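Chemist: Sharing a structure here in structure tokens format.
The values are calculated or read from the model by the stated rules, or taken from the named source; none is laboratory data. Treat the numbers as computed from the prediction; the structure is a model and nothing was measured. As a convention, Cβ positions derive from the backbone with ideal geometry for all residues, glycine included, and neighbour counts pool all protein chains shown. Just the protein is used for accessible areas: all its heavy atoms, side chains included, with ligands, DNA and RNA removed. Shrake-Rupley method; radii C 1.70, N 1.55, O 1.52, S 1.80 Å.
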Amino acid sequence: MSGKLFRRILFTLVALFMAAPLIVIAGVSVNAQRSLVFPPAGFSARWYGEIFTDAAWRGALTASVTVAALSAAVAVAIAFPLSWFLWRRHAPWARVFQMLGTAPFILPPVITALGFLTFWTTVGAYGQPWTVVVAHGIFFVTLPLVTLSLGFASIDRALVEAAATMGADDRTILRTIVLPLIRPYIVSGFAFAFVLSLNEYIVAYMTVGFTLETLPIKIFNSLRYGYTPTMAAVSILFVAVAVLVFGLIARFGDLPKLLGAWSSRD
Amino acid sequence: MRADAPKRAADYAPLAFPALMLTVFFVVPFGIMVMVSFFQRQPGGFYTPDFVFSSYERFLSAFFGGVLGFSLGLAALVAVICVAVGFPFAYELARTRRRVQVAWLVALLAVLSLSEVIIGFAWSTLLSRTAGISNLLVWLGLMEKPTALTPNFGAVLTGMVYQAFPYTVLVLYPAMARLDPTLMEASRTLGAHPLRAFLTVVVPALRNTILATFIMVFVFALGSYLLPQLLGRPQHWTLSVLITDQAVYQSNLPFAAAMAVFLVLVTLSLVGLALLVGRKESAA
């Protein structure tokens with residue numbers, strides 16, 4: 001068996017496995033009836049409409065997007081000064097904070113979720129809508145931390161030194177050299193955190209699950225009363241958003257490099 | 001401008017906000033959770049500050065020991081399957097044209113970012129009687145009538161492999177992309193069949209990467225909390241499910257915290273092991 005054939009078979013099988021559940025829920029999401037049947041009976045886009053017209057679904061969508069945008073901003077606000085400091089200053093002990101920022105992402109998510117649950121109950125803020133923004137901001141800080149440290153590593157120090165020689169101070173260098181070079185990495189770090197926050201369930205559930213319904217919480221709560229095509233439509237919408245966001249990162253940035261491949265040779 | 005040591009107090013200013021946030025909202029919650037695991041539980045969902053080991057004792061009972069064994073076994077099985085398929089896949093992926101690579105990376109990231117809720121919903125639909133794969137088999141004439149393929153162990157395993165596979169490939173991808181292509185060329189020049197070259201050159205060269213990836217995927221799978229609930233029966237529940245259950249439905253925070261602390265210890269020792277193994281690789 002030639003290598004080409006092996007690759008083709010392997011890729012096809014993996015693609016089928018990855019796509020199978022998505023194909024089925026895409027089919028289900030365009031069903032004309034209010035039941036889950038596949039192949040779909042008839043065609044209708046009404047379940048997609050329901051996400052935006054039904055007050056409960058629209059509320060959950062608004063909550064999810066708001067939480068995702070704010071917590072991604074919090075994550076970047078933590079990650080940017082930290083990775084700038086690590087790049088600008090020689091202070092090995094500061095790596096401790098980098099490790100702290102990576103820890104929530106390595107531990108099973110239920111740990112971080114439970115940590116926040118005990119914390120918010122102890123300080124008496126349990127159930128406040130903003131708590132989930134902070135929780136997600138901390139939980140996803142790893143992503144901008146990773147993209148930003150890659151970004152800083154790619155800045156040519158000679159450029160910065162030249163500016164310093166000509167009398168530019170730290171602030172000027174940050175504004176005129178560092179920020180323009182680092183912007184794509186800020187955007188991709190924000191985007192990664194945004195998409196993952198949008199889909200996150202357990203941390204959101206354990207912080208605000210009973211007072212604020214994000215879309216994953218809403219889907220899970222609705223599962224108890226059976227499956228509906230609207231859930232399928234929401235799922236497909238989420239996949240579409242993820243593909244769009246990562247597609248844009250790939251279009252305007254170097255995705256293989258962001259994911260750790262060294263060179264960008266073809 | 002070289003990176004220089006901070007001299008004045010103002011030099012530390014950028015660190016203030018990140019350090020404050022990470023300490024207050026990660027270190028402190030974590031510390032409180034560890035404290036709560038030693039608290040005395042009161043009936044009705046409350047607890048009083050104390051220093052008792054009752055939650056840990058309960059955790060060491062036969063039932064929870066069984067759950068722990070099941071969780072570890074399941075995570076190990078998921079990791080074996082993912083690495084066995086993901087390794088050759090990532091290898092081939094790193095060797096395709098760049099456009100193909102990027103398309104796959106986007107797809108894998110999209111699946112990786114999917115909520116466990118959605119993955120669970122999608123697979124239970126795919127395995128259901130009314131909308132599932134059995135309808136396809138009936139349509140093809142391979143089956144009499146559609147059947148439900150969930151809940152059972154196979155469904156849990158399938159869902160978890162689905163969830164962990166993109167992660168596996170993305171962990172392996174950098175190592176594969178950095179693999180020296182001359183290694184394979186040399187073995188090919190010497191007349192080795194591609195499969196033989198893969199098995200005798202690539203696999204041994206990346207032995208430690210494989211081990212480190214296995215551990216990382218194992219830890220990742222250990223964190224799965226919804227799929228065992230959505231696709232399995234109560235006997236398929238994992239430690240993560242039980243922690244959620246105790247914390248949210250049984251209102252027994254000390255017990256949930258004790259299990260969480262234990263899970264942290266397991267995870268950290270595994271991650272430490274993975275880092276150690278990975279370091280050996282880069283040193284070699």
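Chemist: Given a Förster distance of 41 angstrom, what is the FRET efficiency for A:Leu244 paired with A:Thr165, based on the Cβ-Cβ distance and rounded to 0.05?
Modeler: Calculated transfer efficiency: 0.40.
Chemist: Ignoring ligands and nucleic acids, what accessible area does A:Ser44 show with a 1.4 Å probe (Å², nearest 10)?
Modeler: 20 Å²
Chemist: For chain B, what does -39500 (n - 2.57) per DSSP helix run (n ≥ 4), summed and divided by total residues, give at 222 nm, in deg cm²/dmol to the nearest 500?
Modeler: Calculated from helices alone, the mean residue ellipticity at 222 nm is -21000 deg cm²/dmol.
Chemist: Then there's this: Which chymotrypsin sites (Phe, Trp or Tyr not before Pro) in the range A:143-239 sit in a loop by DSSP (not H, G, I, E or B) and have at most 15 other Cβ atoms within 10 Å of their own Cβ?
Modeler: Those that pass, being in a loop and sparsely packed, are A:Phe210, A:Tyr225.
Chemist: Tell me, in nm to one decimal, what length is gained between B:Ala148 and B:Ser251 on full extension, where the rule is 0.36 nm per residue of separation less the Cα-Cα distance?
Modeler: 33.7 nm
Chemist: Need the list of aspartates and glutamates near A:Lys257 for cross-linking: C-alpha distance under 15 angstrom, and skip anything on the same chain fewer than eight residues off.
Modeler: Within the straight-line limit of under 15 Å, A:Lys257 reaches these aspartates and glutamates: A:Asp266.
Chemist: Using only atoms on other chains, find how many Cβ atoms lie within 10 Å of each Cβ of peptide B:172-178 and report the average.
Modeler: 4
Chemist: Please sort B:23-36, B:197-210 by packing, taking for each peptide the average over its residues of neighbouring beta carbons within 10 angstrom, highest first.
Modeler: By packing density, highest mean first, the sequence is B:23-36, B:197-210.
Chemist: Here is a follow-up. Taking only C-alpha pairs under 8 Å that are 6+ residues apart, what is the relative contact order of chain A in percent? Provide the component values of the computation, followed by the final result.
Modeler: Numbers: 300 pairs, mean separation 76.5, N = 266.
Relative contact order for chain A comes out at 29 percent.
Chemist: At 7 Å along the Cα-to-beta-carbon direction for both A:Leu5 and A:Ser44, put a label point, then send me their distance in nm to one decimal.
Modeler: Once both label points are built, they end up 4.9 nm from each other.
Chemist: Moving on. What does the helix-only formula give at 222 nm for chain A: each DSSP H stretch with n ≥ 4 adding -39500 (n - 2.57), the total divided by the residues, and the result rounded to the nearest 500 deg cm²/dmol?
Modeler: So the calculated ellipticity at 222 nm is -24000 deg cm²/dmol.
Chemist: Would you mind getting me the FRET efficiency between B:Asp180 and B:Thr48? Use the beta-carbon distance for r and R0 = 56 Å, nearest 0.05.
Modeler: That gives a FRET efficiency of 0.40.
Chemist: Can you pull out the trypsin sites (Lys or Arg not before Pro) in the range B:70-168 whose DSSP state is coil and whose Cβ has at most 16 other Cβ atoms within 10 Å?
Modeler: B:Arg95, B:Arg97, B:Arg129
Chemist: State, to one decimal in nm, how far the label point of B:Gln235 lies from the label point of A:Leu181, with both points 7 Å from Cα in the Cβ direction.
Modeler: Rounded to a tenth, the inter-label distance reads 6.1 nm.
Chemist: Now for a different question. Relative to the longest principal axis of the C-alpha atoms of chain A, give the angle of the C-alpha long axis of helix A:129-139, reported between 0 and 90° and rounded to the nearest 10°.
Modeler: Between the helix axis and the principal axis of chain A, the angle is about 60 degrees.
Chemist: Using the heavy atoms of the protein chains alone and a 1.4 angstrom probe, what is the accessible area of the range B:1-129 per residue in square angstrom? Present the calculation step by step, with values, prior to reporting the outcome.
Modeler: On the way: 5750 Å² over 129 residues.
About 45 Å² of surface per residue is accessible.
Chemist: May I pose another question? Order A:Trp47, A:Trp93 by their accessible area, 1.4 angstrom probe, all chains in place, largest first.
Modeler: Descending order: A:Trp93, A:Trp47.
Chemist: Using a 1.4 Å probe on protein heavy atoms only, how many Å² of accessible area do A and B hide from each other, summed over both chains and rounded to 100?
Modeler: Chains A and B together bury roughly 8300 Å² of accessible area.
Chemist: Using a 10 Å cut-off on Cβ to Cβ distances, tally the other chain neighbours for every residue of A:240-248 and report the average as a whole number.
Modeler: Mean partner-chain Cβ count within 10 Å for A:240-248: 4.
Chemist: Other chains near A:229-238: what is the mean number of their Cβ atoms within 10 Å of each residue's Cβ? The partial results should precede the final answer.
Modeler: Numbers: counts 0, 0, 5, 5, 0, 4, 8, 2, 0, 6.
Mean shielding count: 3.
Chemist: Could you check how much of the accessible area of the protein assembly as shown is carbon and sulfur, as a whole percent, using a 1.4 Å probe?
Modeler: Carbon plus sulfur share of accessible area: 68 percent.
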